[in-house]
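First the structure, in the form of structure tokens, and then the observations on it.
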Amino acid sequence: MTPGGRTAASSDWTREAEELAAWLIGPARLSGDAIAVTSGLAQRLTALGVPLHRLRIAMRVNNPLLSAWGTNWTPETAAEIYTFSRTLLDTSTYLGSPVQHVIGTGTWFRRRLDRLGPEDHTILHELASAGFTDYLAVPVAFGDGIVQAATFATRHDSGFAESHIALIKGLAVPLSAALEAIAMRRSTASLLAAFLGEEPAARVQAGAIHRGDIVETEAAVLLTDLRGFTPLSLTSPPSQLLTTLGHYFEGVVDAVRAEGGDVLKFLGDGVLSIFRVGEGGRMAACAAAVRAVSRAVATSRANDLPPFVAALHMGPVMYGNIGSLDRLDFTVVGPTVNMVSRLEGIAKASGETVVCSGTFASTLPHAVTRTIGWFELKGLEGKHEVFAVVAERA
């Protein structure tokens, strides 16, 4: 008998198991919802008498920043999405783990958690300490050859019965059918976000994929650029140069995202970002941009990175697909971008860390800015007043 009181070999139990497989292949797959698939699978397994107390499904993702995402379910909590940084792959949490074994070999893994030895992985000992008695890791193979992992654990005194193991193994292919399309969509979204930014990625996925798919919006535009990058590139070994650039980019990107901005471009050693004007108006967008700069400058100084300059301007921009018939770039163009690129040159020439236009300065408290003079800017008519921004006061 199963813990739910059913005879595992009964025709009713077999029919319900077949119905569960059909649900995975049909409605679960079409739902496009990883949480719904995980919760539905867990609930249906427990209804069949499987003493399931933890279900976790891990998915590798094509993203230079993340290594995996997945879902986690327990009877006490709703299913939830989790993500893992790519750095996890180099830690003891992953190395030698059952999940690494399943993904690397494409084979099953089972261990009774009340019979562990010192050679068993830390994660198994942690589960045993939490009261779990049995653990099963199942390979979930996709059509492109990638193997994912689904893990099942129970606290039942007798662990999983062999009929439970057979049922779970028999659901591996239907489960892969339910998850593959979901994983592909999420991987595509994650990859687009890594290369385009969150908002541009969402627009591209929503169908903005043709040349001329452009919207006009108003935004605070930020351009940062390293000081002395050319001599640095000539005197530093390539690996050291890339590491330095990576830390600088990371500090700027994290700061921009923390304040609700979008990073649109890496231009050599420059970073182009925008903060769209929303309900808070121009003042809120400009304040967010200044806070992002302040945060990035503080991070750079704390990590002893080469200094950078920043230029800020506010105005209308055209935002979307620019390019040829067969090669597109999702970017922002317009006079506002031209202005901020000219201001970046003023920052370098003047020795100021952060500069902004008069339009931008008008949205900030007077204590945050000070004029540094009037300048002719290439390609722009007349002279333009440029201000230094004391980011630390914003």
**Asked** For residue 350 and residue 19 in one chain, what is 0.36 nm times their gap in residues minus the Cα-Cα distance, to one decimal in nm?
**Response** 112.0 nm
**Request:** May I ask you to evaluate 6.51 cos²θ - 1.76 cosθ + 1.60, the Karplus curve with θ = phi - 60°, for each residue of segment 273-286 and list the ³J(HN,Hα) values in order in whole Hz, giving x for glycine and proline?
**Result:** 9, 9, 10, 5, 6, x, 4, x, x, 4, 4, 5, 5, 5
**Fill in**
Quick calc: nm separation of the 7 Å Cα→Cβ label points for residue 185 and residue 46 -> 2.6
**Fill in**
With a Förster distance of 35 angstrom and the Cβ-Cβ distance between residue 215 and residue 372, calculated FRET efficiency to the nearest 0.05 equals 0.55
**Fill in**
In the neighbourhood of residue 180 defined by beta carbon distances under 15 Å, the net charge of the other residues (Lys, Arg +1; Asp, Glu -1) is +2
**Item:** Eligible lysines near residue 348 by straight Cα distance, threshold 23 Å, same-chain separation 8 or greater
**Value:** 265, 378, 383
**Prompt:** Under a plain spin-label model, where a point goes 7 Å from the Cα along Cα-to-Cβ, how far apart in nm are residue 157 and residue 383?
**Reply:** 9.1
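Each value in this text was obtained by applying a stated rule to the coordinates, not by laboratory testing. The shown structure was predicted, so the numbers you read here are calculated from the model rather than taken from an experiment. FYI the Cβ positions are ideal-geometry reconstructions off the backbone, even for glycines, and counts take in every protein chain you see.
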